[in-house]
Amino acid sequence: MLPVSIQMRILWTFAMGTVFVVLLQYQTSGAWSPQQGQPAARPDPVAESLVSLALSKVVVDEDAGVSRDLLMGISRQIARYVVYSASCSGGGGFVGNGFGGGGYGVGGGGFGAATVEPNTIFVITPTYRRPEQVADLTRLAQTLMLVRDIHWLVVEDSNTKSPHLAVLLQSFGVRYNHLIAPMPERFKKIRGAKPKGVANRNRGLKWIRQNAVEGVVYFADDDNTYDVRLFNEMRYTQKVSMWPVGLCTRTGLSTPIVKNGQLIGFYDGWIAGRKFPVDMAGFAVSVKFLLERPDAQMPYKPGFEEDGFLRTLAPFEPHQIELKADNCTKILVWHTQTKKNEPSLKVDKEKYKNTNILRLKDIIV
């Protein structure tokens, strides 16, 4: 058997060759419209088939830590990204992709059912402008780039869309919609803990109700850390699926307790009488199951957001939970939380006039 390093080189040779073949195919087939300057961008099944064929010729030693699924995800994403990137327009949308109003770009319009895979994962991510935002979103985006059939709903806690965030999201090459949902004013004025991210997540749920008919919903905070394998675990959720979450706290863990393959309770550092004492990163919901419960939403109750949302999915009981990650024996997501930092120091605009510093400071908070 060839060493893993040689296998990897062979794989990448096939994958990159496939990319160039696909790109050449698009150029010579008239996919680029001379009038529009854009292609009718859609995932190319031929490209993905070629990548699959290339991968099938490579022997992967999974015992050595090389995952065939991971390599396949990387190769597939390269093929898609080249086609999609070549089709980007200045207006932030793609043409001919079934998304009205630039569904691949900022804002996004109607969701074209013809372009959506049945098991698309809708990832809802609340975010707000802060020193760590760009770094956190970049890290999450780099993970999502390796996952097939992802639709990212990035919901900004703001009254207006940030142009900086709009540019950042478009640069990733991940299918997304940029939405806004500010926290209601009445909650901003209360003392103590505030229901952060609730308005954002409910806005994402509203978008899904209006635009999707099947798939899976997952709430992914931008400051967590995700193993790409997690998304295939949740992809075929029928109702509600759950798995362990690593916590960077003294408790260290939030998970269903499983004995002999059966759920017998929950392990979490804060049970607090919750029926579903789980972390936000520890569950996913079927879109069909959600749509059958039109009143399901997240409550504005700090500490009880997850439990409150899962309760609104009634009729639904703990014994119906689909246990993932090898009967909850693997940790594929970490609630890491980026350290909160103070805003950077202001710079002398006169001193740095006509330099790159002022442009960079527009990005940095």
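The values are calculated or read from the model by the stated rules, or taken from the named source; none is laboratory data. Just so we're clear, the structure is a prediction, and the values are computed from it rather than from any experiment. Every residue, glycine among them, receives a Cβ derived from its backbone with ideal geometry; neighbour counts consider all protein chains shown. Just the protein is used for accessible areas: all its heavy atoms, side chains included, with ligands, DNA and RNA removed. Shrake-Rupley method; radii C 1.70, N 1.55, O 1.52, S 1.80 Å.
Structural remarks
- Cα centroid separation - the range 287-344 against the range 175-200, whole Å: 17
- For Thr329 and Arg250, the FRET efficiency from 1/(1 + (r/R0)^6), where r spans their Cβ atoms and R0 equals 30 Å, is about 0.85.
- Taking every alpha-carbon pair in the range 222-350 and binning the separations at 5 Å intervals from zero gives 2, 10, 19, 21, 20, 13, 5, 3, 3, 2, 2, 1, 0, 0 percent.
- Take every pair of alpha-carbon atoms less than 8 Å apart whose residues are at least six positions apart; their mean separation over the length of the range 270-349 yields a relative contact order of 28 percent.
- Cα-based reach from Lys259 at 20 Å (exclusive), listing lysines while leaving out same-chain residues under 8 positions away: Lys275, Lys324, Lys330
- For Lys188, a cut-off of 27 angstrom between C-alpha atoms picks up these lysines, skipping any fewer than 8 places away in its own chain: Lys161, Lys196, Lys206, Lys301, Lys339, Lys340, Lys346.
- Phi-derived couplings, Karplus 6.51 cos²θ - 1.76 cosθ + 1.60 at θ = phi - 60°, listed residue by residue for the range 262-268: 10, 6, 10, x, 9, 10, 7 Hz, with x used for Gly and Pro.
- Of the accessible area of the range 190-288, computed with a 1.4 Å probe over protein heavy atoms only, carbon and sulfur atoms account for 49 percent.
- Sites Lys259 and Lys351, calculated FRET efficiency, Cβ-Cβ separation with R0 51 Å, nearest 0.05: 0.20
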